[in-house]
Structure formats: C-alpha cells, structure tokens
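Colleague: Please read through the structure below; I'll follow up with questions.
The values are calculated or read from the model by the stated rules, or taken from the named source; none is laboratory data. The model shown is predicted, which means the values in this text are computed figures rather than measured ones. Cβ placement follows ideal geometry from the backbone for every residue including glycine, while neighbour counts extend to all protein chains displayed. Note: accessible area is taken over every heavy atom of the protein model, side chains too, but ligands, DNA and RNA are not part of it. Shrake-Rupley method; radii C 1.70, N 1.55, O 1.52, S 1.80 Å.
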Amino acid sequence: MRYSIPRLVIAATQSGSGKTTIATGLLSALREQGLVVQSFKVGPDYIDPGYHAMASGRPAHNLDSWLVPRATLPELFAAESEGADIAVIEGVMGLYDGGREGISSTAEIAKLLQAPVVLVLDVKSMGASAAAIAKGFRDYDPEVNLAGVILNRLGSKTHEAMLREAMREIDMPILGALRRDDSLHMPERHLGLLPAAENEQEQQTIDSMGAAVAKSLDIEAILHIACLTDDIEVPERENRQAAKKCRIGIAKDEAFSFYYPASLQVLEYMGAELVPFSPLRDKQMPDVDGLILGGGFPEMFAAKLQENEKMREAIRQAAAAGMPIYAECGGYMYLLSSLRDFEGHDFAMCQVLPGKAAMTRKLQMGGYVEAELQQDTILGPKGTTLRGHEFHFSEDEVTGARPFCFRRMRNGETYEAGAASGNVLGSYLHLHFAGCPEVARHFVEAAASWAK
C-alpha cells in the first residue's frame, strides 16, 4: 500500500542543542493552526514523547531500529500516522549518532522514511563557524536530505544577520531563528526530562514554546518541505486480531509510565484486554490474569508505594498463586524486597523477587543490550534472544540464579541480570513488543493458561 504522509525530521548537531524544545513547540504551533499532527521520537526514550503528546494531543511513538526490525518501521510509521495531516519526527543526540555502525541514528531513520531533515544549530557564541558545521553535516552523507537549519539561542539582531549571511554563502536555507530564552527550558532530573505525567503544570511552558516557534520559525516553508515528500510504500496490513483470551493489568500512574503505545497494541493484537491500574492509589488489583509493571520513577514515590500495603500484598498473593507477572526497570525495582532512595532511606516494596535496589548518583548502565533467557520463563523458553535497552541509576542486589544473560552492544561486555520466581520475571531490560511479537504472544498465552 502507498501512503502520502507529509513529514520531516527535527535533528541537531548534538544533544543539548534545543531540538526537544523546538520539536515540542512546532507540534504545539501546528496544532494551534488546526492541523492534526503525529509525533515520533527516534531512539528508545520514554520522556520526550510525553511532552510530544501534551503538545499534539495524540500519543507519541518511538522509531528505533534496534528494538524493532528496520523493515518493520515504515509500516509502524504509516499505521500510527493514519489520520494525521503531518508527521514530525524528533531525532536523538546528533544527526549521525546512534548505536554501533549508526544503528537507530536519526540519519538512518530519515533515510528509511525518505524524510527531509531540519537541523537545529545551537549558535550561542558562534559566528560563521555555524555555516561550516551546517555544510559539513549536509555533505557528510549525500543520501540525507538536509533541507535547512534553525538557528537557536541567538544573541542579537547583529548576530542573526551575521549568520544569515554565512548561511547564504553556502546556499543553506534558514527555516527559523530563535533568541536565547531560558524560560522555555524544561526542568531536568537524573534520567533526563521530567516525565510528563508529573508535570501537568508544564502545559503552560509547552504553550509558550508553541508561541515562540510560531513567531520565530517559517512555518509555511516547513510545511512546504514536509509536503514535498514521496509516498511511503508498505505491505498491506493484515487485520487478524485474535479473540480476547485474557485480561492483563498495566501499572500506570506517576511512578510507572514508561510504555511504548505500539508495544501495548501488540498485546491487544495477540488477544489481551489491557486494564490500567495504579500501584500508588488503588487499594486492590483489578480482576486480571497477568500483570505488566513498566518503568518509571518509583524512587520518587517510594514512601507512597510503601504506604499502599494493600496493593503490595495483593501483588504478593497474585505471584504466589502463579499469575504471570513481567516487570521492567522501575517495575522490577518495585517487585524487589526494598528500595533505597537517593537520600539513603529504605522503603519496603512488594517482596516478590529476592533482592533489593538502591539509587546511586552515577548512571549504572545505559545503552542497547542483547538478552538471552537462561531458563524457561513467561516470555519464552530457555535460549530465547531479545533486543532491548537499559538506562538506570539504580543498582540491584539479587540472590539466586539470574534469568538473563545480557551482552552490551557497545563493547561486548556480558553479565547476568534480572530475577525470577515462579511465573514472575523482572530486570532492567526495556522491550518493544513490536520487535519481538513472539514474546508478547508467549506472555499472553501464559496469562490465558493461568486464567483457565
């Protein structure tokens, strides 16, 4: 099938250049003009998409060629862009940065989707060198369609005039020019930006971003570039959603919010009815046949999680009864015996998995990993290999055999990881079920079997 989807990529020369602010502002500005806009984020990040969703009014989706097979991404992109007037894709790090051999780089995704790239340049304390950088990025890979630049953090009219002249000399279109404005800067936390679920008050900041972008970017030129894209051709989708087999509880609140929407859709496609619940506030578990506890910030809500003893006891009883329970990162920490926060205070958790977690001030692990199951589990049989990613500031201390063997793709380091007990499995691993549908099917079937 062929899809006509106006689209563009907002990229940058490096992290911290302001692309999240500009991408979020552009989403808000386009929505304000009455356009239906679909956003995407390159890479595995959970946090930026939260701001995208606040700005666009639609769930944001990730495009990651490590977590999801490269050939599958155009189909995912087309499916999630359905009904939208334009798709805006925010890049990750610098335009050409990614995993080993450029996997899941912004440039790779832009070429895969045949999408033009708009490069954000942080020009603070920079003159004509900005043009040299822009030219280098344009010439580095001729297959990347670098359609223009946005000058960010300008100091004055004179500064802007100087840069416009330099860009004119290399025939580089300028699609926007923004002055320095610290009020548009998002607050940060140890994992990056604050999760949007905690920051409803940040809607005002997003609205301000939209107003600044509408005033400072050439929206008409940007829309024109997006509309010049070729059609995307993807295989015709088969609509063979399985009949409902089971109900799976999904932990969703301020403490647990890291989920890929398209990943959850795979569970539904396999026959699961998803039932959200809050480990922070609900006093009892929903009537379900399995549980998934995603990542998030349990350390910021450890006292409240400890206080909700009824929920922790309900999860303990469900685990003891053999209910399939899968947990990632923050959810994994919640299933351990205890959690030590940044101040050194210990809080009781679910005591389902043998071990404890403790926050540190240093990033313990970050990057893509390949994980091999060392035993039969609710995700698959022994020997199953999965692609995922880790990003955490905590460390775990677990007793007993580890269910995973992780291999870091950056340096080949291998190590045992995670914990398992009965039909409960958890680790720091983040998965995208669109990249491993057989794993989603295995979990759904385990929940359906337990239901019977």
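Colleague: So GLY322 clears everything in (1) within 30 Å of ALA147 (Cα to Cα); (2) part of a loop (DSSP other than H, G, I, E, B) except one condition, right? Which one?
Modeller: (1)
Colleague: Can I ask one more? Return the pair list, or none, for Cβ contacts closer than 7 Å from residues in the stretch 305-327 that are over 21 Å from LEU274 (Cβ atoms) to residues that are among the β-branched types (Val, Ile, Thr) and open to solvent by less than 50 Å² (accessible area, probe 1.4 Å), at least 6 apart or on different chains.
Modeller: That search, which allows pairs on different chains as well, returns ARG316/VAL352.
Colleague: Can you pull out every residue in the stretch 122-151 that is in contact with a strand residue (DSSP E or B) (Cβ under 6 Å, 6 or more places away or on another chain), of a type in the set (D, E, K, R) and assigned to a helix (DSSP H, G or I)?
Modeller: Matches in the stretch 122-151: ARG138 only.
Colleague: Only residues that are of a type in the set (A, V, I, L, M, F, W, C), part of a loop (DSSP other than H, G, I, E, B) and surrounded by fewer than 23 Cβ atoms within 10 Å (Cβ to Cβ): list them for the stretch 69-111, please.
Modeller: ALA84, MET93, ILE103
Colleague: Moving on to the next point. Test ALA314 against the stated conditions and say whether it is open to solvent by less than 20 Å² (accessible area, probe 1.4 Å), outside any loop (DSSP other than H, G, I, E, B) and hydrophobic (A, V, I, L, M, F, W, C).
Modeller: no
Yes/no matrix, rows are residues, columns are (1) modelled with pLDDT of 95 or more; (2) open to solvent by 20 Å² or more (accessible area, probe 1.4 Å); (3) more than 30 Å from GLY155 (Cα to Cα):
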site: GLU188; (1), (2), (3): no, yes, no
site: SER208; (1), (2), (3): no, yes, no
site: LEU223; (1), (2), (3): yes, yes, no
site: VAL234; (1), (2), (3): no, no, yes
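Colleague: Let me ask you something else. Any chance the stretch 224-241 includes a residue that's over 26 Å from PHE77 (Cβ atoms) and either touching a strand residue (DSSP E or B) at 6+ places or on another chain (Cβ under 9 Å) or without any contact (Cβ under 8 Å) to a residue 24 or more places away in the chain (or both)?
Modeller: Among the residues of the stretch 224-241, not one is over 26 Å from PHE77 (Cβ atoms) and either touching a strand residue (DSSP E or B) at 6+ places or on another chain (Cβ under 9 Å) or without any contact (Cβ under 8 Å) to a residue 24 or more places away in the chain (or both), which makes the answer no.
Colleague: While we're on this one: Condition test on LEU291, is it assigned to a strand (DSSP E or B) and open to solvent by 20 Å² or more (accessible area, probe 1.4 Å)?
Modeller: Considered against the rule, which asks whether it is assigned to a strand (DSSP E or B) and open to solvent by 20 Å² or more (accessible area, probe 1.4 Å), LEU291 comes out as no.
Colleague: Here is a further query. Within the bounds of the stretch 285-293, is there any residue that is more than 25 Å from GLU395 (Cβ to Cβ) and under 25 Å from the mean Cα position of the chain (by Cα)?
Modeller: yes
Colleague: Please go through the stretch 433-452 and give me each residue that is in a loop (DSSP other than H, G, I, E, B) and surrounded by fewer than 23 Cβ atoms within 10 Å (Cβ to Cβ), ordered by number.
Modeller: LYS452
Colleague: Conditions: (1) closer than 24 Å to GLY249 by Cβ; (2) in contact (Cβ under 8 Å) with a residue 24 or more places away in the chain. ARG361 meets all but one. Number of the miss?
Modeller: Condition (1) is where ARG361 drops out.
Colleague: Is there a residue being hydroxyl-bearing (Ser, Thr, Tyr), within 28 Å of LEU63 (Cβ to Cβ), touching a strand residue (DSSP E or B) at 6+ places or on another chain (Cβ under 6 Å) and part of a strand (DSSP E or B) anywhere in the stretch 258-270?
Modeller: no
Colleague: Among (1) under 27 Å from PHE256 (Cβ atoms); (2) without any contact (Cβ under 8 Å) to a residue 60 or more places away in the chain; (3) in a loop (DSSP other than H, G, I, E, B), there is one condition LEU35 misses while meeting the rest; what is its number?
Modeller: Failing condition for LEU35: (1).
Colleague: Please work out which residue is most open to solvent (accessible area, probe 1.4 Å), limiting yourself to the stretch 361-375 and to residues that are modelled with pLDDT under 95 and not in a strand (DSSP E or B).
Modeller: Result: ARG361.
Colleague: Name the residue that is most open to solvent (accessible area, probe 1.4 Å), counting only residues in the stretch 396-432 that are under 30 Å from ALA242 (Cα atoms) and part of a strand (DSSP E or B).
Modeller: Ranking the qualifying residues of the stretch 396-432, first place goes to SER421.
Colleague: Let me ask something else. Looking only at the stretch 326-337, decide whether some residue is open to solvent by 20 Å² or more (accessible area, probe 1.4 Å), closer than 27 Å to THR414 by Cβ and at pLDDT 95 or above.
Modeller: Yes, because at least one residue in the stretch 326-337 is open to solvent by 20 Å² or more (accessible area, probe 1.4 Å), closer than 27 Å to THR414 by Cβ and at pLDDT 95 or above.
Colleague: A follow-up question, please. Looking only at residues that are open to solvent by less than 30 Å² (accessible area, probe 1.4 Å) and of a type in the set (D, E, K, R) in the stretch 1-54, which one is farthest from THR205 (Cα to Cα)?
Modeller: Among residues in the stretch 1-54 that are open to solvent by less than 30 Å² (accessible area, probe 1.4 Å) and of a type in the set (D, E, K, R), the one farthest from THR205 (Cα to Cα) is ARG7.
Colleague: Could you list, in sequence order, the residues of the stretch 376-393 that are within 21 Å of ALA358 (Cβ to Cβ) and either at pLDDT below 95 or open to solvent by 50 Å² or more (accessible area, probe 1.4 Å) (or both)?
Modeller: PHE391, HIS392, PHE393
Colleague: Quick check, is ALA255 open to solvent by less than 80 Å² (accessible area, probe 1.4 Å), farther than 18 Å from LYS19 by Cβ and modelled with pLDDT of 90 or more?
Modeller: Yes, satisfied.
Colleague: Under 25 Å from ALA53 (Cα atoms) and either in contact with a Gly (Cβ under 9 Å, 6 or more places away or on another chain) or open to solvent by 10 Å² or more (accessible area, probe 1.4 Å) (or both): does that describe SER129?
Modeller: no
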